[in-house]
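Accompanying notes for the structure given below.
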Amino acid sequence: MKELIRKLVETPAPSGYEAKARELIRLEIASRVDEIHVDALGNLIARKGQVSPQGMKIMLSAHMDEIGLIVTHVDEYGFARFTTIGGVRAHNLPGGRVRFMNGALGVIGQQHHSEAKPSAFEEMFIDVGSKNRKDSPVRLGDVAVFERPFTEMGDRLVAKSMDDRIGVAVLIETLRQLDSTPHEIYCVFSVQEEVGLRGATTAAFGIDPHLGLAVDVTGTGDTPKDVKMDVSLGKGPAVKVRDGGMLTDPRVVSWMSHTAEKARLPYQLEILEYGTTDARVMQVSRAGMPVGCLSIPCRYIHSPSEMVDYGDVQNAVRLMSALLSAPIDLG
Amino acid sequence: MNNVPTIANVQMKLLERLTNACAVSGDENEVRQIVLDQIRPIVDEARVDALGNVLATKRGQGENRLRVLLAAHMDEVGFIITHNDDSSFFRFETVGGIDARYLAGKPVLVGKEHIPGVIGAKPVHLTSSDERRQSITVDALRIDVGPGNGSKVKTGDRATFATSFTRLGPSLRAKALDDRLGVATLIELVRHAPANIDLLAAFTVQEEVGLRGAGVAAYAFDPDLAIILDSTPAHDLPAWDASENTRYNTRLGAGPAIYVADRGTLYDTRLVRHLVETAEAGGIPYQIRQPGGGGTDAGAVHKQRAGIPSVSVSVPGRYPHTPAGVARLSDWKNTLALVHAALARLEPRLLSPDDKS
Amino acid sequence: MNEILPFLKKLISSSGLSGNEAPVREMISEHWQPIADEVSVSRLGSLHALKRGTLPEPRPSLLIAAHMDAIGMMVTSVVGEFLHIAEVGGIDARVLPGQLVIVHGRKELPGVIAQPPAHLLPPEERNGPVALSNLLVDTGLTAPEVARLVRAGDLVSFAQSPIELSKDTLAGHTLDNRASVAALTTCLQLLQKRLLDWDLWAVASSQEEETLGGAATSAFQLRPSLAVAVDVTFGSGPGTPSHRAYELGNGVILCMGPNIHPALHKTFKELADRLEIPYKVEVTGPHSGTDAYAMQVAADGIPTMLIGIPLRYMHTPVEVVSLKDITRTGRLLAEFAASLDAEFMNKLAWE
């Protein structure tokens, strides 16, 4: 699975410009699903199975998009000013490298200032190595993502865009391993999650499922002087109880926990005090539905070096397969 | 009628009527009536929905027609009377985003009867220099309709700036150019709707207070794609230290502004490309609105139902949400020309997923 | 009472910033010619209208001054399509963003005052009110046209059209002090068919807002026996302390204080009582802030009186005045002029 993860995280696909990720995913899953279509906003929707008497219509969502930068102005010397796509943090940028969709590379610089606190985005610029505006390979409206290769450190995998390519990988691998299911499963590789869960909003409306599950990263509390959070790398995938945007249906929490226990898989319970996932908008689509989220614990989210534990990832695949293989009784 | 639309005296007079009319978010009737009078005779269907949106359909001819939603918002930012303080002085609040620094010393029109009033300010002689370094808050201001007129105004009445439309050489100066320019443009596009599409026109309400009308209009129409006609600021003023202004958003005179990204929407790249190609093929000047903050009705429209590919095009305007905005007549003409040409060149295969990038 | 309204609206629509009063002076002159014996212009641009009296020479004279100059702005530099401005007279810059103006360039150019967005302002000005020096005027023209039509030194007036809030109430800019010019005109009209003992000089003074120079020099030139200044005073309204302001429509304001000769104040009070013209008394400080301050000390000094007309929102383009207050002031002035006889100066005594 590591090669799949590497290909996914090294693909540039910021919110609104997900084509390259979409094409890669489509190739990976084409032989494993019954039907694929791309909807009006660019969500890739793959159906596997048909609803049977013991099954439900289930929507799974992992987002293809990552955070990035978009050029607002190229000055006469070729320096590009920018604004952000999604939750980019200013302190992650100076000195970092970015890759534009047309292949151009850039380094992020900042105006000189004497204060200790980090610059605002308005004081930064991207240096693409050109000497003036005419020679610049970038112009107003071009988009870029962090430039970092995938790397392994023992059991730990590090790359940019683990959020949420690792969730995408889990879904792809689940589709590979899932032999049979009583359910009609819609795997949605969603767009524009990072700018407000927009792809999942419309995909949920279009599919109108009975149950929704998101697969996304979550934070941990296991680094020095960290936030107080009972989730750690290496202790298994997390069953989300709540986050900054949603409360999981308790019956769903039970179902996911019991399934993990029956399958003897490690898992953690997650309460995240900030952030949210595609599950939030699935929950209030149309007349609403029970939702949950299977989370991959991740350190340094939204930085260029997001870190997950490979064991957690493999256990997430196993747990997802177990969840989808049998009828669901929410009691 | 399929001839190419133009801006002549008739259109200028209509824009004058539209900008001088008073229609604050939630109370859009004065503009709604003008719109209905203009479009009822030239569409197949027109109705007013539960929020007050005007929804009109002009069907095209031929098979496999795209259903295209065009939207412009009828409402403007303004004020609402909250309390009668004392005979002719009224407390008020703003409706929609207004910078309170624009309010002191301005005339207003109150209520359906357009009762004239003024937002006064303390005489400068009675202020201290410290006081003049503080902004005047809305809370400290009152609308004054003159002694003896207090009974003509009641709590809940809306009020707007009282600026009248006028030409300034190559430019126009008026209140509510955001978005009466869009409304006027949409009326002309309906008048000259090309035959290759079903044109679904939505004159929306309550854009300024949360895009509320546009969402339900899009849900009702369920179109194949949407083009939003709003107004976007031009911050193309000089910097205080003569440094380069890198955050101008758009520039007056540089043509219709095509959006790629704002705070509410990442615009469909196929539609952006279609507009750019149309402009270049037709020799129509255009500019790309700088990505960043702000938003249009597209923010609500593109997320409706199972998603609606959307793009926004604006006539750039300086000083929106103030007593007097300034726009260039040439930008208006070119916006109308661009959108009309883009509609006429629309084909269903534009929306094929293979092209989505 | 409504007859004064068309004249007043024309008055406030004529440009005439301090030091550049020519347009409004010509307008007033046209109206004063038929109702005075002689009209002339002083060296500082004040307008003098003489109604000759009937007493033998040397005749005593009364000077009534109402300043005709307006506050406004002046272009200091041209930057591309935009203009930088400075004030002429005292303006609270907080009322400027979004104001309609006229730039008096090679052509009259309507425009608007623009507040630049925060990122174009110096860091210390980004929140809170923007200083006048950082505001800009936008005429809607392109840069080449602006360069052709506007220069540093060109004047900029407020362009707010007069607003009739009711039959009796008018709102607009420059009611300070054209309301008083209208009152003085009413006085001349009422006296047109009457004979006076004294000479009467009606003076539309210049440059009050900057230096009081018009009143000072006219008083020196004309050497009247008595001088009366007519100016606006604070009308009650939001933000104005009630102990310093007067209700609109409740009558004329008769001032007292070091600028004013107490016997003159007493005379006016008794006259107003007799005519049943409602009035209030205002106590003004050592500097009344009006032409009275300058006229009192012209040459060897002149007994001076100050009459006030209540005005809301002074020095904004939405000043509000009661027309009734204007016509009452005009009538009081006319009756005062008509009451002056050969004995008056002897009776003007300090207690």
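Picking from residues in the stretch B:302-322 that are assigned to a loop (DSSP other than H, G, I, E, B) and among the β-branched types (Val, Ile, Thr), the one that is surrounded by the most Cβ atoms within 10 Å (Cβ to Cβ) is B:Thr322.
Return yes when B:Arg270 is touching a residue at least 40 places away in the same chain (Cβ under 8 Å), more than 8 Å from every other protein chain (Cβ to nearest Cβ) and under 23 Å from B:Arg180 (Cα atoms) and no when it is not. No.
Here A:Leu60 clears all of (1) part of a strand (DSSP E or B); (2) open to solvent by 10 Å² or more (accessible area, probe 1.4 Å); (3) more than 10 Å from chain B (Cβ to nearest Cβ) except the condition numbered (2).
Out of B:Ile197, B:Ile228, which single residue is open to solvent by less than 10 Å² (accessible area, probe 1.4 Å), among the hydrophobic types (A, V, I, L, M, F, W, C), touching a Leu at 6+ places or on another chain (Cβ under 6 Å) and away from chain C (no Cβ under 14 Å)? Reasoning before the result, please.
Details: B:Ile228 fails: touching a Leu at 6+ places or on another chain (Cβ under 6 Å).
Only one candidate qualifies: B:Ile197.
Does the stretch C:55-85 hold any residues that are part of a loop (DSSP other than H, G, I, E, B) and either aliphatic (A, V, I, L, M) or surrounded by fewer than 19 Cβ atoms within 10 Å (Cβ to Cβ) (or both), and which are they?
Step one: list which residues in the stretch C:55-85 are part of a loop (DSSP other than H, G, I, E, B), which gives C:55-60, C:68-69, C:71, C:80-81.
If the condition is that a residue be part of a loop (DSSP other than H, G, I, E, B) and either aliphatic (A, V, I, L, M) or surrounded by fewer than 19 Cβ atoms within 10 Å (Cβ to Cβ) (or both), then C:Leu55, C:Pro56, C:Glu57, C:Pro58, C:Arg59, C:Pro60, C:Met68, C:Ile71, C:Gly80 are the ones that fit.
Taking the stretch A:199-252 as the region of interest, how many residues are small (Gly, Ala, Ser) and open to solvent by 30 Å² or more (accessible area, probe 1.4 Å)?
Step one: filter the stretch A:199-252 for residues small (Gly, Ala, Ser), giving A:199-200, A:203-204, A:206, A:212, A:214, A:219, A:221, A:232, A:234, A:236, A:238, A:244-245.
From what is left, the residues that are open to solvent by 30 Å² or more (accessible area, probe 1.4 Å) are A:206, A:234, A:244.
Looking only at that region, the number is 3.
Tell me, yes or no, whether the stretch B:244-265 has at least one residue that is assigned to a helix (DSSP H, G or I) and either open to solvent by 10 Å² or more (accessible area, probe 1.4 Å) or within 11 Å of chain A (Cβ to nearest Cβ) (or both). The answer is no, given that none of the residues of the stretch B:244-265 is assigned to a helix (DSSP H, G or I) and either open to solvent by 10 Å² or more (accessible area, probe 1.4 Å) or within 11 Å of chain A (Cβ to nearest Cβ) (or both).
Quick check, is C:Lys269 at pLDDT 95 or above and at negative phi? Here the answer is yes, as C:Lys269 does meet what is asked.
Residues in the stretch B:89-119 that are closer than 17 Å to C:Val320 by Cα, touching a helix residue (DSSP H, G or I) at 6+ places or on another chain (Cβ under 9 Å) and at the interface with chain C (Cβ under 7 Å from one of its Cβ atoms): B:Phe89, B:Ala104, B:Gly105, B:Lys106.
Just so you know, in the stretch B:273-290 the residues that are of a type in the set (A, V, I, L, M) and open to solvent by 20 Å² or more (accessible area, probe 1.4 Å) include one that is nearest to the other protein chains (Cβ to nearest Cβ), and it is B:Ile288.
Inside the stretch B:162-176, residues that are under 18 Å from B:Ile34 (Cα atoms) and open to solvent by less than 10 Å² (accessible area, probe 1.4 Å) make up a count of 2. As for the stretch B:309-332, it holds at least one residue that is within 14 Å of chain A (Cβ to nearest Cβ) and not hydroxyl-bearing (Ser, Thr, Tyr).
Among the residues here, A:Leu140 qualifies as open to solvent by 10 Å² or more (accessible area, probe 1.4 Å) and among the aliphatic types (A, V, I, L, M).
How many of the residues making up the stretch B:183-206 are more than 16 Å from the chain's Cα centre (by Cα), part of a helix (DSSP H, G or I) and hydrophobic (A, V, I, L, M, F, W, C)?
Here is the first cut: in the stretch B:183-206, the residues more than 16 Å from the chain's Cα centre (by Cα) are B:190-200.
Those left that are additionally part of a helix (DSSP H, G or I): B:190-191.
Still in the list and also hydrophobic (A, V, I, L, M, F, W, C): B:190.
So the count comes out to 1.
Looking at the stretch C:203-213, which of the residues that are modelled with pLDDT under 90 and touching a Leu at 6+ places or on another chain (Cβ under 8 Å) is least open to solvent (accessible area, probe 1.4 Å)? Selected residue: C:Gly213.
Listed here are the residues, each with its yes/no results for (1) within 26 Å of A:Met56 (Cβ to Cβ); (2) touching a helix residue (DSSP H, G or I) at 6+ places or on another chain (Cβ under 8 Å); (3) within 14 Å of another protein chain (Cβ to nearest Cβ); (4) in contact (Cβ under 8 Å) with a residue 40 or more places away in the chain.
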{"residue": "A:Leu140", "(1), (2), (3), (4)": "no, no, yes, yes"}
{"residue": "A:Arg148", "(1), (2), (3), (4)": "no, no, no, yes"}
{"residue": "A:Arg156", "(1), (2), (3), (4)": "no, yes, no, yes"}
{"residue": "A:Ala169", "(1), (2), (3), (4)": "yes, yes, no, yes"}
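Would you confirm, using the coordinates I've provided, whether C:Pro241 is within 13 Å of chain B (Cβ to nearest Cβ), free of Cβ contacts under 8 Å to residues at least 12 places away in the same chain and not polar (S, T, N, Q)? Yes: the conditions hold for C:Pro241.
Checked against the criterion of being out of contact with any Pro (no Cβ under 6 Å at 6 or more places or on another chain) and open to solvent by less than 30 Å² (accessible area, probe 1.4 Å), the candidates A:Ile45, A:Ile70 yield just one match: A:Ile45. Annotation: of all residues in the stretch B:126-144 being at the interface with another protein chain (Cβ under 7 Å from one of its Cβ atoms) and over 16 Å from C:Pro97 (Cα atoms), the one that is most open to solvent (accessible area, probe 1.4 Å) is B:Ala140.
When you scan the stretch C:276-351 for helices (runs of 4 or more DSSP H) that lie fully inside it, which ones turn up with 2 or more residues that are open to solvent by 30 Å² or more (accessible area, probe 1.4 Å)?
Numbers: elements: C:291-295, C:323-339, C:344-347.
Filter on the stretch C:276-351 gives C:323-339, C:344-347.
Can you find a residue that is among the small types (Gly, Ala, Ser), in contact with an Asp or Glu (Cβ under 7 Å, 6 or more places away or on another chain), under 28 Å from C:Leu50 (Cβ atoms) and modelled with pLDDT of 95 or more anywhere in the stretch C:229-252? Yes. Of all residues in the stretch A:81-137 being on the phi > 0 side of the Ramachandran plot and open to solvent by 40 Å² or more (accessible area, probe 1.4 Å), which is farthest from the other protein chains (Cβ to nearest Cβ)? Within the stretch A:81-137, the match that is farthest from the other protein chains (Cβ to nearest Cβ) is A:Gly95. Being within 12 Å of the chain's Cα centre (by Cα) and assigned to a strand (DSSP E or B) is a condition met by at least one residue of the stretch A:199-214. Buried (at least 18 other Cβ atoms within 10 Å of the Cβ) and either within 27 Å of B:Arg212 (Cβ to Cβ) or acidic (Asp, Glu) (or both), is that true of B:Ala159? In short, yes. The single condition among (1) in contact with a Lys or Arg (Cβ under 6 Å, 6 or more places away or on another chain); (2) modelled with pLDDT of 95 or more; (3) farther than 22 Å from B:His302 by Cβ that A:His210 does not satisfy is (2). The residues in the stretch A:180-198 that are surrounded by fewer than 24 Cβ atoms within 10 Å (Cβ to Cβ) and either out of contact with any strand residue (DSSP E or B) (no Cβ under 9 Å at 6 or more places or on another chain) or assigned to a helix (DSSP H, G or I) (or both) can be counted, and the count is 3.
The values are calculated or read from the model by the stated rules, or taken from the named source; none is laboratory data. Keep in mind the model is a prediction, meaning the values are calculated, not measured. As a convention, Cβ positions derive from the backbone with ideal geometry for all residues, glycine included, and neighbour counts pool all protein chains shown. Side chains are part of the model used for accessible areas, which takes the heavy atoms of the whole protein and leaves out ligands, DNA and RNA. Shrake-Rupley method; radii C 1.70, N 1.55, O 1.52, S 1.80 Å.
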